[in-house]
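The values are calculated or read from the model by the stated rules, or taken from the named source; none is laboratory data. Because the structure is predicted, anything quoted here is derived from the model rather than measured. Positions of Cβ are generated from backbone atoms using ideal geometry, with glycine treated the same way; all protein chains shown enter the neighbour counts. For accessibility, only protein heavy atoms count, side chains too; no ligands or nucleic acids. Shrake-Rupley method; radii C 1.70, N 1.55, O 1.52, S 1.80 Å.
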Amino acid sequence: MTQKLSADENYANERAAKFGDTIYHYCSLDTLLSILNHKELWFGSTASMNDSKEQRYFLENLENAIKEAIPKNKINVCNEFFGQIFKSLEHSYPYALCFSTLKDNAAQWERYADNACGISIGFNTRQIVKLFSSSTIYLSEVHYGDEIKKHKHYEIVLEYLLHDNLTCGFRSRKALIENILACSAN
């Protein structure tokens, strides 16, 4: 007899299928000691990330990709929509904790592991996802450049701007903007 999995277990399995059984967090030795001593993982404000433009980069890529896909008569609507997002960004910074699917990556060592003097900690992907499932924390990937067209927000915003139609359960423009900001740290 097969056992039915909970929604959390299904989501954890889906994330593990996408990212692998182990995800890695690169950090300094001091951070490792803090994690071990306090048994805590800390999220940081995206306003103070080492790459201060990372959140803005996602939003700019999304805006540019949308502008390429819409007719000229919708550009003003697009400008107004993204203007509202960038204005909201001034006071709405989500928190993020960075993981990598790569166990050994030069860029991760340099940027996050104290210029290669730190450590790469492996975490069980399913367990991390289950831990996060009790809150509104999601494990998602960063989209760079043309990859932005693969992001679900690309489809949602395009549909909204072209047809004034909110999809995927969004009930208001404000809710969509808040969700885009929350995901823009990816």
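To the nearest 10 degrees, how steep is helix 7-19 against the longest Cα principal axis of the chain, on a 0 to 90 scale?
Its long axis makes an angle of about 90 degrees.
Would you work out the charge dipole size for the stretch 99-186 about its Cα centre, treating the Cβ of every Lys and Arg as +1 and the Cβ of every Asp and Glu as -1, and quote it to the nearest 20 debye? Don't jump to the answer; show the numbers that get you there.
Working: 10 positive and 10 negative charges, 71 e Å.
Here the size comes out at about 340 debye.
I'd like to compare 31-41, 76-86, 148-158: which one has the highest average count of other Cβ atoms within 10 Å, and what's the full order after that?
148-158, 76-86, 31-41
Put +1 on the Cβ of each Lys and Arg and -1 on the Cβ of each Asp and Glu in the stretch 82-186; which of C117, T101, H163 then has its Cα farthest toward the positive end of the dipole?
H163
By a straight-distance test (C-alpha under 24 Å), which lysines pair with K103 as possible cross-link partners, with residues fewer than eight away in the same chain excluded?
Leaving aside lysines fewer than 8 places away in the same chain, those within reach of K103 are K18, K39, K130.
Could you tell me how many degrees, from 0 to 90 and to the nearest 10, lie between the Cα long axis of helix 54-69 and the main elongation axis, the longest principal axis, of the Cα atoms of the chain?
Computed tilt is about 40 degrees.
Just by accessible area at a 1.4 angstrom probe, what is the order of C98, C168 from largest to smallest? Let's see the in-between values first.
Values: C98 50, C168 85 Å².
The residues order as C168, C98, largest area first.
Placing +1 at every Lys and Arg Cβ and -1 at every Asp and Glu Cβ, with all other atoms neutral, what dipole size does the chain have around its Cα centre, in debye to the nearest 20? If you can, show how the numbers build up before the last one.
Working: 20 positive and 23 negative charges, 94 e Å.
Here the size comes out at about 460 debye.
For every helix of n ≥ 4 consecutive DSSP H residues, a contribution of -39,500 (n - 2.57) applies; sum these over the chain, divide by its total residues, and give [θ] at 222 nm rounded to the nearest 500 deg cm²/dmol. Walk me through the numbers on the way to the answer.
Working: 8 runs with 92 residues, N = 186.
The helix contribution divided over the chain gives -15000 deg cm²/dmol.
Could you do me a favour and compute the accessible area per residue for the chain, 1.4 Å probe, result in Å²?
On the way: 11570 Å² over 186 residues.
Result: 62 Å² of accessible area for each residue.
Suppose every K and R has +1 on its Cβ and every D and E has -1 on its Cβ; what is the size of the dipole of the stretch 79-149 about the Cα centre, in Debye to the nearest 20?
Values: 6 positive and 8 negative charges, 67 e Å.
Dipole about the Cα centre, nearest 20: 320 debye.
So which lysines can K67 reach, going by Cα to Cα under 23 Å and dropping same-chain residues fewer than 8 places off?
List returned: K53, K87, K149, K150, K152, K174.
Which one, (1) 1.10; (2) 1.06; (3) 1.15, gives Cα Rg over 2.2 N^0.38 Å as derived from the coordinates shown?
(3)
Counting alpha carbon pairs within less than 8 Å and at least 6 residues apart, what relative contact order, in whole percent, applies to the chain? Display every interim value, and only then the final one.
Working: 192 pairs, mean separation 71.0, N = 186.
38 percent.
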